[in-house]
1. Would it be correct to say that residue 242 is touching a residue at least 40 places away in the same chain (Cβ under 8 Å) and buried (at least 17 other Cβ atoms within 10 Å of the Cβ)?
2. What number of residues within segment 195-232 satisfy the criterion of being surrounded by 17 or more Cβ atoms within 10 Å (Cβ to Cβ) and free of Cβ contacts under 8 Å to residues at least 40 places away in the same chain?
3. I'd like to verify a number: residues in segment 249-273 that are touching a helix residue (DSSP H, G or I) at 6+ places or on another chain (Cβ under 9 Å) and surrounded by 21 or more Cβ atoms within 10 Å (Cβ to Cβ), how many?
4. Considering only segment 32-67, state which residues are at pLDDT 95 or above and either assigned to a loop (DSSP other than H, G, I, E, B) or over 20 Å from residue 250 (Cα atoms) (or both).
5. Here are 135, 155: which of them is over 25 Å from residue 255 (Cβ atoms) and at pLDDT 95 or above?
6. Under the condition of being part of a loop (DSSP other than H, G, I, E, B) and at pLDDT below 95, which residue from segment 68-88 is nearest to the chain's Cα centre (by Cα)?
7. Could you list all residues from segment 204-247 that are assigned to a strand (DSSP E or B), in contact with a helix residue (DSSP H, G or I) (Cβ under 7 Å, 6 or more places away or on another chain) and either at pLDDT below 95 or farther than 14 Å from residue 124 by Cα (or both)?
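The values are calculated or read from the model by the stated rules, or taken from the named source; none is laboratory data. Just so you know, these numbers come straight off a predicted model, no measurement behind them. Here the Cβ is made from the backbone with ideal geometry for all residues, glycine too, and neighbour counts use every protein chain on show.
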């Protein structure tokens with residue numbers, strides 16, 4: 001059994017919920033995948049439909065993290081592990097949520113399983129690549145974002161940290177990141193992509209959100225997350241030598257809308273020290 005804590009990601013909304021800690025064997029769904037292999041991938045089928053259903057394979061983990069479902073008047077969500085793609089994985093999620101327009105219902109994610117005790121300054125690189133899509137956007141309030149927590153405590157729970165770094169590749173239906181002033185503190189270009197940088201607090205946690213600039217989502221993304229930390233270290237006094245990497249994930253945070261399908265045809269992430 002894997003004990004884990006559901007991830008909470010703060011966003012600007014009418015009401016922010018508290019994170020939910022989960023360490024219950026009933027919350028973890030285990031499954032035997034149906035497998036089909038070819039030269040470059042392994043197709044598997046694992047359905048995760050309970051509130052905190054979890055699956056891990058090949059150094060990655062997937063969580064059907066429906067932490068805010070009680071804020072909905074109706075709806076449901078299932079997430080699917082679909083096998084490997086090159087050095088990474090494929091996965092998707094179907095959802096439909098009604099009610100509580102400004103309340104997050106879920107943050108389903110895939111993340112890299114990490115070794116503990118790596119401070120950001122000791123990490124050489126964090127290369128990652130993702131290709132994603134939504135099957136419709138006219139009735140969707142959601143984002144698509146990397147979420148990375150760091151802390152001075154290498155054993156910190158994965159529901160929070162001292163700092164939260166987000167990279168928003170998609171912003172659908174007018175949702176916004178946490179922001180003290182309601183506007184960007186900078187506009188930066190990293191790996192050829194332009195981002196508006198927002199800063200705010202989620203409780204005592206400092207949150208830096210790099211939100212894709214303009215109106216076009218970044219559906220094919222290849223970069224090194226360490227470059228974002230380098231920018232924060234140089235320009236925002238981020239204490240890289242004192243912060244341990246706690247989680248390294250990407251997912252979609254659903255507010256309302258649907259039925260919608262979020263698909264990731266390939267996602268890979270790694271950490272080099």
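1. No: the conditions fail for residue 242.
2. The qualifying residues number 5.
3. Matching residues across segment 249-273 total 1.
4. Once the filter is applied, which keeps residues that are at pLDDT 95 or above and either assigned to a loop (DSSP other than H, G, I, E, B) or over 20 Å from residue 250 (Cα atoms) (or both), segment 32-67 yields 49, 50, 51, 52, 53, 59, 64, 65, 66, 67.
5. 155
6. First, pick out the residues of segment 68-88 that are part of a loop (DSSP other than H, G, I, E, B): 68, 72-73, 86-87.
Of the ones still in play, those that are also at pLDDT below 95 are 86-87.
On the way: 86: 21, 87: 19 Å.
Here the residue is 87.
7. Of the residues in segment 204-247, the ones assigned to a strand (DSSP E or B) are 205-212, 220-224, 244-247.
If we keep only those that are in contact with a helix residue (DSSP H, G or I) (Cβ under 7 Å, 6 or more places away or on another chain) too, we end up with 208, 210, 245.
Once the filter is applied, which keeps residues that are assigned to a strand (DSSP E or B), in contact with a helix residue (DSSP H, G or I) (Cβ under 7 Å, 6 or more places away or on another chain) and either at pLDDT below 95 or farther than 14 Å from residue 124 by Cα (or both), segment 204-247 yields 208, 210.
Yes/no per residue for (1) outside any loop (DSSP other than H, G, I, E, B); (2) in contact with a strand residue (DSSP E or B) (Cβ under 7 Å, 6 or more places away or on another chain); (3) without any contact (Cβ under 8 Å) to a residue 12 or more places away in the chain:
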{"position": "90", "(1), (2), (3)": "yes, yes, no"}
{"position": "94", "(1), (2), (3)": "yes, yes, no"}
{"position": "104", "(1), (2), (3)": "no, yes, no"}
{"position": "111", "(1), (2), (3)": "yes, yes, no"}
{"position": "121", "(1), (2), (3)": "yes, no, no"}
{"position": "128", "(1), (2), (3)": "yes, yes, no"}
{"position": "144", "(1), (2), (3)": "yes, yes, no"}
{"position": "147", "(1), (2), (3)": "yes, yes, no"}
{"position": "156", "(1), (2), (3)": "no, yes, no"}
